Amino acid sequence: MKIGLVGFAGSGKTTVFNAMTGLDVPVGFGGEVRLGSVRVPDARIDALSRIFSPKKTTYAEMSFCDVPGEHGSDKRGLSPRGLQQIRDQEALCLVIRDFDNPAVEGEANPLADLESFHTECIFADMEIIEKRLARAKKERGDAGEIAAFELMTSVLEKERAIRTLSDAELDRKYLKGFGILSDRPLLVAVNRGEDRAVEPMPDDLSARIAELDAAGLTLSASIESEIAGMDPADQKDFLADLGLSESALARFIRTAYGLLDLISYFTVGKDEVRAWTIRKGFNARKAAGRIHSDLERGFIRAEVTPYEVFIEFGSEVAVKDAGKLQVEGKEYIVQDGDIMNVRFNV
């Protein structure tokens, strides 16, 4: 999963990027998108790895993209290049300033910055959708496509994000390739000073984030960047001294997984124990395709053991002897924590 970090100048976006990835990218440096990946912590993978002692343990990964800010506090317009770089992301994390920054004119106003970004996305989407709708009507195109773009036009005119439309309301197959910004999953990260790291999010901001069908969290990027550079053994005590139960990275990943409807299933063995990330609702055949297209194409069946069942019995043989091994067909909906062995033939 690729998440683009975006934000107005002075928001601390690059510091958040460094905190998430453990990198040390220079702050305030423009140019190309900067990439960093992090391992998704999962105690289940740790436990399975201890049991199988594999040659390799592979965790799920989340990629962060530090999208250059081509807009500043005095210029809220996104350049065409900036828009395209944002459209290339699978999901967006808007970093909002909630701390004093002498380099930025004016006091921090998180709610106003959220509204500014939302408005930018609405205008950018409207331009694309109106052009496509006009062309489809002129060419007497697909009636379903015209209906979808008319619906989106109506929603945007009301200053609503496209993501607020359910799949039952909007057939999203017509959106592919257009990079509709307000349909991108959105996570709002409110970046605060160290002295306010544990303060809850204001009710009005939290309510507005919910209205946009987005998710939100608060953090202090300066503290989290320092934590990211610590020895793991020291991190827990440092967080406790600050009144925090877990790092921003852990909270970010959990929030992102919920926002994006992501789950993990596992493949196990002496060679490798591995987590595979899929969207909630994937059937067994589609989930097998995450491993290799051959498994999806030649899918026969999946041998499935829920993680909790495996831990209860302790081995694949014991699970099978107890009659707890599930043999599932291609339409089986994979559950979070399933341990799956795919049988296939191509």
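The values are calculated or read from the model by the stated rules, or taken from the named source; none is laboratory data. If you're wondering where the values come from, they're calculated on a predicted model, not measured in any experiment. Cβ coordinates were reconstructed from backbone atoms using ideal geometry, including for glycine residues, and neighbour counts include every protein chain displayed.
The test for being loosely packed, with under 13 Cβ neighbours inside 10 Å and either modelled with pLDDT under 95 or over 30 Å from ARG196 (Cα atoms) (or both) does not hold for ASP294. For region 10-33, filtering for residues that are at pLDDT 85 or above, in contact with a Ser or Thr (Cβ under 8 Å, 6 or more places away or on another chain) and in a loop (DSSP other than H, G, I, E, B) leaves 2. Just to be sure I understand the filter: pairs with C-beta atoms under 6 Å, separated by 6 or more residues or on different chains, first member in region 125-144 and part of a helix (DSSP H, G or I), second member among the hydroxyl-bearing types (Ser, Thr, Tyr) and surrounded by 11 or more Cβ atoms within 10 Å (Cβ to Cβ). Which pairs pass? Partner pairs satisfying both residue conditions: ASP125/SER182; ILE129/THR153. Per the listing ASP142, ASP100, ASP167, the residue uniquely assigned by TED's automatic domain parsing to the domain that holds ALA207, under 27 Å from ALA210 (Cβ atoms), loosely packed, with under 15 Cβ neighbours inside 10 Å and at pLDDT below 95 is ASP167. In region 318-337, the condition of being of a type outside the set (Val, Ile, Thr), surrounded by 14 or more Cβ atoms within 10 Å (Cβ to Cβ) and either in contact (Cβ under 8 Å) with a residue 60 or more places away in the chain or closer than 17 Å to MET1 by Cβ (or both) is met by at least one residue. Does THR218 meet the test of being in the same structural domain as HIS118 (by TED's automatic domain parsing), under 21 Å from CYS93 (Cα atoms), part of a strand (DSSP E or B) and out of contact with any helix residue (DSSP H, G or I) (no Cβ under 6 Å at 6 or more places or on another chain)? In short, yes.
Selection over region 171-215 of residues that are of a type in the set (S, T, N, Q) and assigned to a helix (DSSP H, G or I) gives a count of 2.
Considering region 170-182, and only residues there that are of a type outside the set (A, V, I, L, M, F, W, C) and more than 29 Å from PHE99 (Cα to Cα), the residue that is surrounded by the fewest Cβ atoms within 10 Å (Cβ to Cβ) turns out to be GLY177. When PHE252, PHE238 are screened for being surrounded by 13 or more Cβ atoms within 10 Å (Cβ to Cβ), within 19 Å of the chain's Cα centre (by Cα) and part of a helix (DSSP H, G or I), only PHE252 passes.
Entry remark, region 281-301: residues being under 21 Å from GLU61 (Cβ atoms) and among the β-branched types (Val, Ile, Thr) number 1 in total.
The number of residues in region 265-283 that are surrounded by 13 or more Cβ atoms within 10 Å (Cβ to Cβ), touching a residue at least 40 places away in the same chain (Cβ under 8 Å) and more than 14 Å from ASP46 (Cα to Cα) comes to 6. Evaluation of MET62 against the conditions (1) hydrophobic (A, V, I, L, M, F, W, C); (2) at pLDDT 85 or above; (3) closer than 25 Å to GLU115 by Cα shows that the sole unmet condition is (3).
The residue that is surrounded by the most Cβ atoms within 10 Å (Cβ to Cβ), counting only those in region 189-209 that are touching a residue at least 40 places away in the same chain (Cβ under 8 Å) and more than 20 Å from ASP100 (Cβ to Cβ), is ILE209. Residue selection: GLU120 fails the criterion of being among the acidic types (Asp, Glu), within 24 Å of the chain's Cα centre (by Cα), assigned by TED's automatic domain parsing to the domain that holds GLY177 and surrounded by fewer than 16 Cβ atoms within 10 Å (Cβ to Cβ). Screening region 70-97 for residues that are in a helix (DSSP H, G or I) and exposed (fewer than 12 other Cβ atoms within 10 Å of the Cβ) and picking the one that is modelled with the highest pLDDT gives GLN84.
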